[in-house]
Every structure is written in structure tokens, then in C-alpha cells.
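Following: one structure in C-alpha cells, then a few remarks.
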Amino acid sequence: MPHESSPVAVTLRHDPSPAVAILFQGEIDASWAAHAQHSLVEALRHRPDPIVIDLRGATRLDPRVVGAILATIDAADDLDVPVEVLLGAADPTGGLLAPAA
């Protein structure tokens, strides 16, 4: 645990929606991949409607973190839990999570 504060946070929302938001801030390198995976699994465990993955504050995501996000989206689809991914102007996933045109 080399970092003092986490750039990955899970926020349970109660008003106005029951969505769980996973917020990614700054550069999420390989040292945060396990924490990001845990946060995403916890979000699924709550089975909200929907899960919101907010990448607007992320500047870079390690490929393992992107893989964890993609696996979460796939698992949520299996559970019929909608997932909303919020991207900023700079997509830290290299287009992997951008909406299909």
C-alpha cells in the first residue's frame, strides 16, 4: 500500500438514485489494480440499478484496471444490472469503453 489516499472510491448513493458510483481519479497504475478490482466487485455485490463507473477524473488507467472494468461490465450484464460509464474529454481507456458509434 504505497499510497496514502485511494484514487479509486466507491460511493453509495441514496438520493436521488440508488446507483453505486465507482470514481477513478488521476493516474491508476498497476499498484492500484487489486483495489480497483475489489471496488468493482463490491459494487456488483450491492446490485444497484445502475452501477456508475466515473472515469472523468482519471488521467491514465493501467491495462489491468481496464480489464477489471470490462470484466465488471460483463458480470453486470449477466446479472441484468445496467452499467453507466462516464468518460471525460480524454478517454483514459484508449477507446475501449467509448460508446459504439
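Distant-in-sequence amide contacts of ARG60, defined by a placed amide H-H separation under 5 Å and a gap of 5 or more residues or a different chain, comprise GLU27, ILE28. Full extension of the segment from ASP80 to VAL41, taken as 0.36 nm per residue of separation minus the current Cα-Cα distance, would add 12.5 nm.
Sorting 50-62, 23-35, 69-81 by their mean Cβ neighbour count within 10 Å, with the most densely packed peptide first, gives 50-62, 23-35, 69-81. One decimal place: the segment ALA30-ARG64 gains 11.6 nm when fully extended, by the rule 0.36 nm per residue minus the C-alpha distance.
Laboratory data are not the source of any read-out in this text; all were calculated from the coordinates shown. Computed from a prediction, not measured in an experiment: that's the story for all the values here. Methodologically, a virtual Cβ is constructed for each residue, glycine included, from the backbone with ideal geometry; neighbour enumeration extends over all protein chains shown.
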